[in-house]
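See structure below.
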Amino acid sequence: LRCWSNIPFLTVPLSRAHGKSFAHRSELKHAKRIVVKLGSAVVTRGDECGLALGRLASIVEQVSMLQNQGREMMIVTSGAVAFGKQRLRHEILLSQSVRQALHSGQSQLKDMAIPVLEARACAAAGQSGLMALYEAMFTQYSICAAQILVTNLDFHDEQKRRNLNGTLHELLRMNIVPIINTNDAVVPPPEPNSDLQGVNVISVKDNDSLAARLAVEMKTDLLIVLSDVEGLFDSPPGSDDAKLIDIFYPGDQQSVTFGTKSRVGMGGMEAKVKAALWALQGGTSVVIANGTHPKISGHVITDIVEGKKVGTFFSEVKPAGPTVEQQAEMARAGGRTLAALQPEQRAEIIYRLADLLTDQREEILLANKKDLEEAENKGRLALPLLKRLSLSTSKLNSLAIGLRQIAASSQDSVGRVLRRTRIAKALHLEQVTVPIGVLLVIFESRPDCLPQVSALAIASGNGLLLKGGKEAAHSNQILHHLTQEALSIHGVKDAVQLVNTREEVEDLCRLDKLIDLIIPRGSSQLVRNIQKAAKGIPVMGHSEGICHVYVDTDASVEKVTRIIRDSKCEYPAACNALETLLIHRDLLRTPLFDQIIDMLRVEQVKIHAGPKFASYLTFSPSEVKSLRTEYGDLECCIEVVDSVQEAVEHIHKYGSSHTDVIITENEQTAEFFLQHVDSACVFWNASTRFSDGYRFGLGAEVGISTSRIHARGPVGIEGLLTTKWLLRGDNHVVSDFSEHGSMKYLHESLPLPQRNAN
């Protein structure tokens, strides 16, 4: 006999050895055998009479897709009573309408009363129609479905249990989807509040226990319970403080307050939780999710199987640290405390972090060496990414210098008054700088990013969530530890959090109530994925770094090769490296052009010819596949243009609005280029590699933004601040400023307080 909270509950299948459920959502993609339980609220319409056909069709489509992937799908469904109620109501109305039409005329049809319909009669009338509907829908995907009706006796009688088990296994072997439901036409009404107490375990009142029983009986990998709520909340959904529980662990039920049952179902959330915990103990993973929400119901089942953060996941493995939601809340609270510190205190934290980078250099480099060795042994990183992963003494020294610049320049960043206005007598308005809130920075392969971004967040008073790549796990761990050590000197250790859980980036991008800004640092593919995944959270960054250098007819021979070499070869993996070299047509077949080609060959840069450049050559390099290519390596494209105007047009058409350069001695041509190129950074006679927060004197950068709102180019402290308005009055009300009021608007600009000269 199986027990739950000392209550006898469901017999353990004799043939089943104790299994082990999945510990993490990411493992759900390995689920082979899956039970999907469809609650009454999912299957029925809002009027509780008839089926939600569109929703049901979407569920069948998802189940069919998973079945065709080679998984074994089973459905435990409600809906027979609702479908039967619709049919019986129709028959009764039709019958009554005929009688009344004969005796009383049409005028009284609308006053007809529908008698209360008995549930078992409704089930008897609805079972065949419900199954016919399932069969028709599954046929569209070349899948056969089979109906199985069960009662309590089928589980109390050992022979019937074995027969049921054998039937289900045979159906699965033949690639048939079993549709399982209680035989509600013969099941007696349950006693009140008797769910999961051994008597009416499988009844019309509760299909949740039926699904749990079948899941364990059939040694199922995953049970998906769909209802009309997002999952399990720590208090009744709809209450002010209700929060969705992402992962629920055995023993946590004491901290949960259960609300009422679902809209039409016979069992409530408490019954679902008890059934889920029993299935979990039997080795089946469980997810409770919303199957009715129009925005997610079309992919809720496949999202769960893919391991996405949907609903509540039941797990027996409790992580040692806080969840990412808890970390975000800690970062917000810590960020607010950080913003309330004096500027000198925030600067002191950053100075301390800079000292730790040099004082703990050996430990940092040792951790980084482990990351490099693991990456090389696994062979999973390309050479440019390995270079980004590598730390050195010189890199750490440069980091420390940059952090001290940030500390020195951050004295009046938070709370700086930008505007003062006298609205009226004794009514003064100020616009002041404030932190954005909680930043999520996602970065690949670059552990040096962690202290840079941390220092900028500290200087601007923002809470910070960091998600680094697993290839830099050891480096990130020690750098985060040092960051928290520095924060501890003023008691704000929690302001910077490193996400170490198996959190998918896409799931992090959905935390719109906890995160205010996402900043991706990595490949263009990473940035694009984050921009696509972010739901309601702004993303600051650039998807590509297609940087151009245009060599004008008036370019200096001495400057050209130096600037091109530095732009392309100094660090080819950087987002501000040269990718396309534009040459004025008049420079072809000149000594200057030959010098450029010779230099690129010496530096082993692979050249791709643009269409126009290729047309001038008898034997040309390989023609470029796309003029919108970020190579990130010792490769570049060369294209020919006829004028500076054409160069500008080419950049606007094929560039990414990152960084673009002109090399010329003609000031008029240079100014035309500077004013007309619409990019975040536009340079004259300087390398593209200057597009960097440290080189701009910002100390460091959280990234380079090519967006057109808020911040653009290398983003330092200023880009991590927003503003708020402070209005100080004395019993002022708007009605005093009406046409016949006693006060007048002045709107006088007031002088700003002097900024700290240091």
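The values are calculated or read from the model by the stated rules, or taken from the named source; none is laboratory data. Since we're looking at a predicted model, the values are computed, not measured. Positions of Cβ are generated from backbone atoms using ideal geometry, with glycine treated the same way; all protein chains shown enter the neighbour counts. Side chains are part of the model used for accessible areas, which takes the heavy atoms of the whole protein and leaves out ligands, DNA and RNA. Shrake-Rupley method; radii C 1.70, N 1.55, O 1.52, S 1.80 Å.
So which of Val733, Val682, Val715 is over 43 Å from the mean Cα position of the chain (by Cα) and not assigned by the TED database to the domain that holds Tyr351? Full working, then the answer.
On the way: Val682 fails: over 43 Å from the mean Cα position of the chain (by Cα); Val715 fails: over 43 Å from the mean Cα position of the chain (by Cα).
The unique qualifying residue is Val733.
Residues to consider are Glu739, Glu701; find the one that is free of Cβ contacts under 8 Å to residues at least 24 places away in the same chain and either among the basic types (Lys, Arg) or farther than 25 Å from Arg420 by Cβ (or both). First the steps, then the outcome.
Values: Glu701 fails: free of Cβ contacts under 8 Å to residues at least 24 places away in the same chain.
Answer to the selection: Glu739.
Would you mind stating whether Leu341 is touching a Pro at 6+ places or on another chain (Cβ under 9 Å) and open to solvent by less than 50 Å² (accessible area, probe 1.4 Å)? Steps first, answer last, please.
Details: touching a Pro at 6+ places or on another chain (Cβ under 9 Å): no; open to solvent by less than 50 Å² (accessible area, probe 1.4 Å): yes.
Taking the combined requirement at face value, the residue does not satisfy it.
Could you identify the single residue in Leu582, Leu592, Leu578, Leu627 that is open to solvent by less than 50 Å² (accessible area, probe 1.4 Å) and either charged (D, E, K, R) or over 26 Å from Arg528 (Cβ atoms) (or both)? First the steps, then the outcome.
Working: Leu582 fails: either charged (D, E, K, R) or over 26 Å from Arg528 (Cβ atoms) (or both); Leu578 fails: either charged (D, E, K, R) or over 26 Å from Arg528 (Cβ atoms) (or both); Leu627 fails: either charged (D, E, K, R) or over 26 Å from Arg528 (Cβ atoms) (or both).
None of the others qualify; the one that does is Leu592.
What's the number of the only condition in (1) of a type outside the set (S, T, N, Q); (2) open to solvent by 70 Å² or more (accessible area, probe 1.4 Å); (3) under 21 Å from Asp566 (Cα atoms) that Leu746 fails to meet?
(3)
Of the residues that sit in the range 26-53 and are modelled with pLDDT under 90 and part of a helix (DSSP H, G or I), which one is nearest to Glu306 (Cα to Cα)?
Residues of the range 26-53 that are modelled with pLDDT under 90, as a first pass: 26, 39-53.
With the extra rule that they be part of a helix (DSSP H, G or I), the set shrinks to 26, 40-43, 53.
Details: Ser26: 7, Ser40: 25, Ala41: 24, Val42: 21, Val43: 23, Leu53: 25 Å.
The qualifying residue nearest to Glu306 (Cα to Cα) is Ser26.
Looking only at residues that are more than 22 Å from Cys681 (Cβ to Cβ) and among the acidic types (Asp, Glu) in the range 508-553, which one is surrounded by the most Cβ atoms within 10 Å (Cβ to Cβ)?
Of everything passing the filter in the range 508-553, Asp516 is surrounded by the most Cβ atoms within 10 Å (Cβ to Cβ).
Please tell me if Ile296 is at pLDDT 95 or above and assigned by the TED database to the domain that holds Lys29. Walk me through how you get there before you give the answer.
Values: at pLDDT 95 or above: no; assigned by the TED database to the domain that holds Lys29: yes.
For Ile296, the condition - at pLDDT 95 or above and assigned by the TED database to the domain that holds Lys29 - is not met.
Farther than 24 Å from Glu718 by Cα and either of a type outside the set (Lys, Arg) or not assigned by the TED database to the domain that holds Ser488 (or both): does that describe Thr337? Spell out how you get there, then give the answer.
Numbers: farther than 24 Å from Glu718 by Cα: no; either of a type outside the set (Lys, Arg) or not assigned by the TED database to the domain that holds Ser488 (or both): yes.
No.
So in the range 299-325, with the set limited to residues that are modelled with pLDDT of 85 or more and among the charged types (D, E, K, R), which one is least open to solvent (accessible area, probe 1.4 Å)?
If we take residues in the range 299-325 being modelled with pLDDT of 85 or more and among the charged types (D, E, K, R), then Asp303 is least open to solvent (accessible area, probe 1.4 Å).
Among the numbered criteria (1) over 15 Å from Asn462 (Cβ atoms); (2) open to solvent by 40 Å² or more (accessible area, probe 1.4 Å); (3) modelled with pLDDT of 95 or more, which one does Ile364 miss?
(2)
Suppose the filter is surrounded by 13 or more Cβ atoms within 10 Å (Cβ to Cβ), part of a loop (DSSP other than H, G, I, E, B) and modelled with pLDDT under 85; does Leu88 pass it? Let's see the steps before the verdict.
Values: surrounded by 13 or more Cβ atoms within 10 Å (Cβ to Cβ): yes; part of a loop (DSSP other than H, G, I, E, B): no; modelled with pLDDT under 85: yes.
For Leu88, the condition - surrounded by 13 or more Cβ atoms within 10 Å (Cβ to Cβ), part of a loop (DSSP other than H, G, I, E, B) and modelled with pLDDT under 85 - is not met.
When you scan the range 633-641, do you find a residue that is farther than 30 Å from Met540 by Cα, among the charged types (D, E, K, R), open to solvent by 20 Å² or more (accessible area, probe 1.4 Å) and not in a strand (DSSP E or B), even just one?
Within the range 633-641 (the criterion being farther than 30 Å from Met540 by Cα, among the charged types (D, E, K, R), open to solvent by 20 Å² or more (accessible area, probe 1.4 Å) and not in a strand (DSSP E or B)), the answer is no, since none of the residues qualifies.
Considering only the range 473-496, how many residues are under 21 Å from the mean Cα position of the chain (by Cα) and open to solvent by 10 Å² or more (accessible area, probe 1.4 Å)?
Of the residues in the range 473-496, 1 are under 21 Å from the mean Cα position of the chain (by Cα) and open to solvent by 10 Å² or more (accessible area, probe 1.4 Å).
Scan the range 692-730 residue by residue and report those that are closer than 16 Å to Glu544 by Cα and either modelled with pLDDT of 95 or more or loosely packed, with under 14 Cβ neighbours inside 10 Å (or both).
Arg708
Working only within the range 394-441, note down all residues that are buried (at least 17 other Cβ atoms within 10 Å of the Cβ), in contact with a Phe, Trp or Tyr (Cβ under 9 Å, 6 or more places away or on another chain) and β-branched (Val, Ile, Thr).
Residue satisfying the conditions is Ile423 alone.
Quick check on my filter: what residues within the range 704-718 are part of a loop (DSSP other than H, G, I, E, B) and either aliphatic (A, V, I, L, M) or in contact (Cβ under 8 Å) with a residue 60 or more places away in the chain (or both)? Break it down stepwise before answering.
Of the residues in the range 704-718, the ones part of a loop (DSSP other than H, G, I, E, B) are 706-712, 716-717.
Residues satisfying the conditions are Thr706, Ser707, Ile709, His710, Ala711, Gly716, Ile717.
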